[in-house]
Amino acid sequence: PTVTSPCKILKCNSEFWVATSGSHHLGAEEAPEFCTALRAYAHCTRRTARTCRGDLAYHSAVHGIDDLMMQHNCSKDGPTSQPRLRTLPPGDSQERSDSPEICHYEKSFHKHSAAPNYTHCGLFGDPHLRTFTDTFQTCKVQGAWPLIDNNYLNVQVTNTPVLPGSTATATSKLTIIFKSFQECVDQKVYQAEMDELPAAFADGSKNGGDKHGANSLKITEKVSGQHIEIQAKYIGTTIVVRQVGRYLTFAVRMPEEVVNAVEDRDSQGLYLCLRGCPLNQQIDFQTVRSAQATEGRARRKGPSLPAPPEAFTYETATAKCREKLPVEDLYFQSCVFDLLTTGDVNFMLAAYYAFEDVKMLHSNKDKLHLYERTQDLAPGNVAPSGPHPALWLALLCLSQCWLCL
């Protein structure tokens, strides 16, 4: 069944944007009209407060309203009727191309220093996480989790169970908040959900708003409803969001300087892209594989456990994944793992596109494939925790040949 959110913050955001588009061009005598729109915005957020309690975009909107109230000396008491509808005036920032230098990361931040070192983080499938330090994990992380949180942007993902009663989860919702930055961009919120991959920010715009460097933040739709790309040049960042099957994938390329730009270093460990999943949220492959074997025996004895839509054996899952992922690295093993746990062939495509994004976004072409196991590596990797994955696969093949003999 399609998951729909009762939180209506996006509706509040859109109503406010429609009501105030172009209001920054108003004279001081029309400021009360902007305050009226702000009060209506605040009233809308209060109506949806209960259902939006855990929504990152909601909390961002609430703080943004308070800031705007103070900036424009607006009273919280007063009329809340919607102002008249406005249209964007000619020459608005939606068409500007002459962004100031401060809005181009490589030109401004590194004018007198070496080129920045870029890092990559990706989340796909069951979900499988590749951190900024190239650690590869498979995690449970059901519910809402912070993926990135620094001085420039926040990314939050929500993961839901793939099958009833299964520990397998996948990303069903993604919220990205770009914080207001100097003369470059206004605060912008992007939100995607299952079967809804917008090609615009929550307010309907496709760039950074009304500031002079607005075009240093832009959304481009690559494939309608399936693939969008967000370029944030003012922080040297590229984000790719895809919908594959019913679920979302996320990939980002970001300079180390931006990754580490955080005020509260004590809480950095909470951000999945930076520190990985907590140990109690990582999946132990040995345990999962044992559970799969037990479940298989239970199915043979009776129909007590629900079977996935399409039953894959290890052999058929391996063959299917090899169609798109010929190199038997951790992306290949993740593909096999996902087909065995979900039976959904779209997870093969999720692994394939995740690796395609790595090829596009990772700055070190020698580190595209991951084979090594690390101490906190967990299975979406389809290999036991001891031997090298290739060795394990060789041993498995030998055991199969021995059985044949």
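Table for the structure above
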quantity	calculated
Glu101, Glu356, reordered so the largest accessible area comes first (probe 1.4 Å)	Glu101, Glu356
Residues of the range 140-172 with amide N under 16 Å of a point placed 7 Å along Cα→Cβ from Lys179	146-156
Residue-wise HN-Hα coupling along the range 322-338, computed from phi with Karplus coefficients 6.51, -1.76, 1.60 (Hz; x: Gly, Pro)	5, 4, 10, 10, x, 8, 7, 9, 5, 5, 4, 5, 4, 4, 4, 4, 5
Spatial extent of the range 103-275: Rg and Dmax, with the Cα atoms as the point set, Å	16.0, 56
Heavy atoms of Arg47 accessible to a 1.4 Å probe, total area in Å² rounded to 10	150 Å²
Placed amide H near Cys277: partners under 5 Å, 5+ positions off or other chain	none
Heavy atoms of Phe355: accessible area, 1.4 Å probe, square angstrom to 10	20 Å²
Rounded to whole Hz, the Karplus (6.51, -1.76, 1.60) HN-Hα couplings of the range 225-240, x for glycine and proline	x, 10, 7, 10, 10, 10, 9, 10, 5, 5, 10, x, 10, 10, 10, 10
Under 28 Å from Lys140, Cα to Cα: lysines that are on another chain or at least 8 residues apart	Lys8, Lys173, Lys320, Lys324, Lys359, Lys367
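The values are calculated or read from the model by the stated rules, or taken from the named source; none is laboratory data. Bear in mind that the values here come from a model prediction, so they are computed numbers and not experimental data. Methodologically, a virtual Cβ is constructed for each residue, glycine included, from the backbone with ideal geometry; neighbour enumeration extends over all protein chains shown. Heads up: the accessible areas ignore ligands, DNA and RNA and are worked out on the full protein's heavy atoms, side chains in. Shrake-Rupley method; radii C 1.70, N 1.55, O 1.52, S 1.80 Å.
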